[in-house]
1. Can you tell me what share of the DSSP beta bridges in the chain is antiparallel? A percent to the nearest 5 is fine.
2. Could you identify which residue out of ALA89, ALA243, ALA214 has the top mean-square fluctuation in a GNM of the chain using Cα springs shorter than 10 Å?
3. Along the charge dipole of region 1-94, which of CYS50, PHE8, SER33 sits closest to the positive end, that is, farthest toward it, with unit charges on the beta carbon of Lys, Arg, Asp and Glu (+1, +1, -1, -1)?
4. Size of the dipole of region 204-284 about the Cα centre, Lys and Arg at +1 and Asp and Glu at -1 on the beta carbon, nothing else charged, in debye to 20?
5. Loop-only check: which chymotrypsin sites (Phe, Trp or Tyr not before Pro) in region 134-229 are DSSP coil with at most 11 other Cβ within 10 angstrom?
6. Give me the dipole magnitude in Debye, nearest 20, for the chain about the Cα centre, with unit charges on the beta carbon: positive for Lys and Arg, negative for Asp and Glu.
7. Probe of 1.4 angstrom, ligands and nucleic acids ignored: what's the accessible area per residue over the chain, in square angstrom?
8. Placing +1 on the Cβ of each Lys and Arg and -1 on the Cβ of each Asp and Glu in the chain, which of LEU67, TYR341, GLN83 has its Cα farthest towards the positive end of the resulting dipole?
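The values are calculated or read from the model by the stated rules, or taken from the named source; none is laboratory data. If you're wondering where the values come from, they're calculated on a predicted model, not measured in any experiment. Neighbour counts run over all protein chains shown; Cβ positions are idealised from the backbone, glycine included. With ligands, DNA and RNA removed, areas are computed over all heavy atoms of the protein, side chains included. Shrake-Rupley method; radii C 1.70, N 1.55, O 1.52, S 1.80 Å.
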Amino acid sequence: MKQYDRVFLSEPHLSGKEQKYINETLQRNAITSGGPGVLSFENGIESFLCEGNFVCATSSGTAAIHLALLLAGVQEGDEVICQSFTFSATINPIRYLGGIPIFIDSEPQTWNMCPIALEEAIIARLELGKKPKAILVVDVYGMPYQVDSINAIAKQYDIPVIEDSAEAFGSRFRGQPCGTFGNFGVFSFNGNKIITTSSGGALVVKDLESKKRAVYLATQAKIPAPHYQHEEIGYNYAMSTIAAAIGNSQLEVLNERIEARRANHFFYENLFENIDAVTVFSAPSELFYSTYWLTTILIDPIKAKGLTPNKMRLFLEDYNIETRPLWKPMHCQPVFEQYPYYGSRLSETLFQTGLCLPSSSSLSQEDKKRISEAIYVLFQ
Ligand SMILES: *Cc1c(COP(=O)(O)O)cnc(C)c1O
């Protein structure tokens, strides 16, 4: 078979101005964390979000989740309600703090946290005398979660919400940006995300006091004194100036990147339109605006007559096209399986029947042609 260049699932997409921004940083000899480049990256994100949001740039999305949990007051032994259908980085920081993850299943419209299972879990934990310290919800694959119902429940039981929008920078619910709906929001600028700083993230908070506390914790919890005074454990979680330089150049093309990911999604909707066995996962209504960070599909096991997601993945590998199973739910991962779980196991079905398709914003017409040909051969 012909040798093709690999079509990646989600690869970094440079703006072309990275070098210029990095050179400016090098010329200033500003090779550290913090400083003007980081501030302007934070300001850039703040102005992309709605008013009343303050941003602390971090060394990764995982670090931002860890800081959000610290700000929410999570301590050893505290329970944190969290979405099971996600990447492990959502959950790991709960364990860094010695917290207990309480896993909640997905609901079918957004694949994010199920409000019914959430309330069931809260009631059950309260009966055990354990009030959850936070609700950690995800906008998986760029799809906004059920903002109205989840936040109403959080409010009713007075539990803060952390929104892991690592995959949803640029997504919106009712016009409002993801990452701004809870008490805390998180973005990731890892190489595979919608824009990148190579490695990096951001924490979104609701007031200047919280931002100051986040920056303080992210910079080793130093109390200003010539000798450095320490009264709490700190972290080295600040974003580097080189990462921020890349981020500032990437912010310039954010809207183009969103459009390109959405265009990929509509390409796949067309491609699978007449293929009965495949459903492209799409927004449930116009209230939900997804960047479609990754376009994902479900394969109906009966209609597909034996074609499993794994067989499809291996078939596309022959064309050097990368795909990936959907997230294996965290309550099924060996490292987390001893923790409580509430729900009806939808996320397990998603994992068994779904696949993530190549979704880079740099996906070319040629790449799309090769994908179309492969899909045509597979389903003919
Ligand atoms: C990528 C990702 C993270 C972690 O972000 P990093 O910047 O890689 O640390 C967290 N949660 C979700 C859902 C992610 O996809």
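1. Values: 25 of 43 bridges.
So the antiparallel bridges in the chain amount to around 60 percent.
2. For the chain, modelled as a Gaussian network with Cα springs under 10 Å, the answer is ALA89.
3. Farthest along the dipole direction, towards plus: PHE8.
4. About 420 debye.
5. Details: sites: TYR141, TYR145, TYR157, PHE169, PHE173, PHE181, PHE184, PHE187, PHE189, TYR216, TYR228; in loops: TYR145, TYR157, PHE169, PHE181, PHE189, TYR228.
Listed in order of number, the matching sites are TYR228.
6. 500
7. Per-residue value: 44 Å².
8. Going by the charge dipole, the pick is LEU67.
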